[in-house]
Amino acid sequence: MEFYEVVNTRRSVRSYKPDEIPDEVLNRVLDAARVAPSGSNRQPWKYVLIKNPELRKKIATLSGGQPWIAEAPIVVVACGNDIKYDRGGYMGEMSFLLDSAIGLTHLILAARAEGLGTCWIGLFDNESIKELLEIPPGWNVAAVTPLGYPKEPKWTQPAKRKSIDEIVAVDEWC
């Protein structure tokens, strides 16, 4: 699939088939996350793949009580490590969120190219998920996403988006 088609047709999917993802497809998607850029090439991320149905239900409950998350055959818990790097002079310990977001974005776009659906979940109980998955100190959950084949694929153009003029300025803020 052509790159701009991937970008323009990626959608948040909230209904999944129970079909397993073939290993070769999953490995291509994970490899896309692996090669993502990160500040000073630190790669402060780890992806916990939740395949166990009971664990998926618990993650869904800890993610705003959204049961549809557990429909997917895999729930990805994207974690980041506090690398003590003060990006931009103000982000401090939260700089891991940037790198984790870049890696997860690569994963999500690769998933779309493979015909898989995802939905970036930002509503989750970090401490409870860390406890459930035994995530070590210094690491935090950056995001959660289900990963699977959509029940009803709707790979359409995006809904109303701002124009380029509204999101881009040249040489000064205007």
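The values are calculated or read from the model by the stated rules, or taken from the named source; none is laboratory data. If you're wondering where the values come from, they're calculated on a predicted model, not measured in any experiment. Glycine also receives a Cβ, built like all others from the backbone with ideal geometry; neighbour counts cover every protein chain displayed.
Is it the case that segment 139-155 has a residue that's on the phi < 0 side of the Ramachandran plot and in a helix (DSSP H, G or I)? Looking for residues that are on the phi < 0 side of the Ramachandran plot and in a helix (DSSP H, G or I), one finds none in segment 139-155, hence no. I'd like the full set of residues that are touching a strand residue (DSSP E or B) at 6+ places or on another chain (Cβ under 7 Å) and on the phi > 0 side of the Ramachandran plot, limited to segment 123-138. If the condition is that a residue be touching a strand residue (DSSP E or B) at 6+ places or on another chain (Cβ under 7 Å) and on the phi > 0 side of the Ramachandran plot, then GLY138 is the only one that fits. Within segment 140-162, the residues that satisfy the criterion of being small (Gly, Ala, Ser) and surrounded by 13 or more Cβ atoms within 10 Å (Cβ to Cβ) are ALA142, ALA143, GLY148.
Does PRO137 satisfy the criteria of being surrounded by 13 or more Cβ atoms within 10 Å (Cβ to Cβ) and either in contact with a Cys (Cβ under 7 Å, 6 or more places away or on another chain) or over 18 Å from LEU109 (Cα atoms) (or both)? Answer is no for this residue. Every condition in (1) over 19 Å from ASN81 (Cα atoms); (2) in contact with a helix residue (DSSP H, G or I) (Cβ under 8 Å, 6 or more places away or on another chain) holds for GLN43 except the one numbered (1). A search for C-beta distances below 7 Å between a residue of segment 57-69 that is free of Cβ contacts under 8 Å to residues at least 24 places away in the same chain and of a type outside the set (D, E, K, R) and any residue that is in a helix (DSSP H, G or I) and surrounded by fewer than 16 Cβ atoms within 10 Å (Cβ to Cβ), counting only pairs 6+ apart in sequence or on different chains, returns ALA60/PRO67. If you go through segment 113-124 and keep only what is touching a residue at least 60 places away in the same chain (Cβ under 8 Å) and in contact with a helix residue (DSSP H, G or I) (Cβ under 9 Å, 6 or more places away or on another chain), you end up with ALA113, GLU114, LEU116, GLY117, THR118, CYS119, TRP120, PHE124.
Condition check ((1) at pLDDT 95 or above; (2) surrounded by fewer than 17 Cβ atoms within 10 Å (Cβ to Cβ); (3) part of a helix (DSSP H, G or I); (4) in contact with a Ser or Thr (Cβ under 8 Å, 6 or more places away or on another chain)) across all residues:
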| residue | (1), (2), (3), (4) |
| --- | --- |
| VAL77 | yes, no, no, no |
| GLY103 | yes, no, yes, yes |
| ILE108 | yes, no, yes, yes |
| PHE124 | yes, no, no, yes |
| LYS130 | yes, no, yes, no |
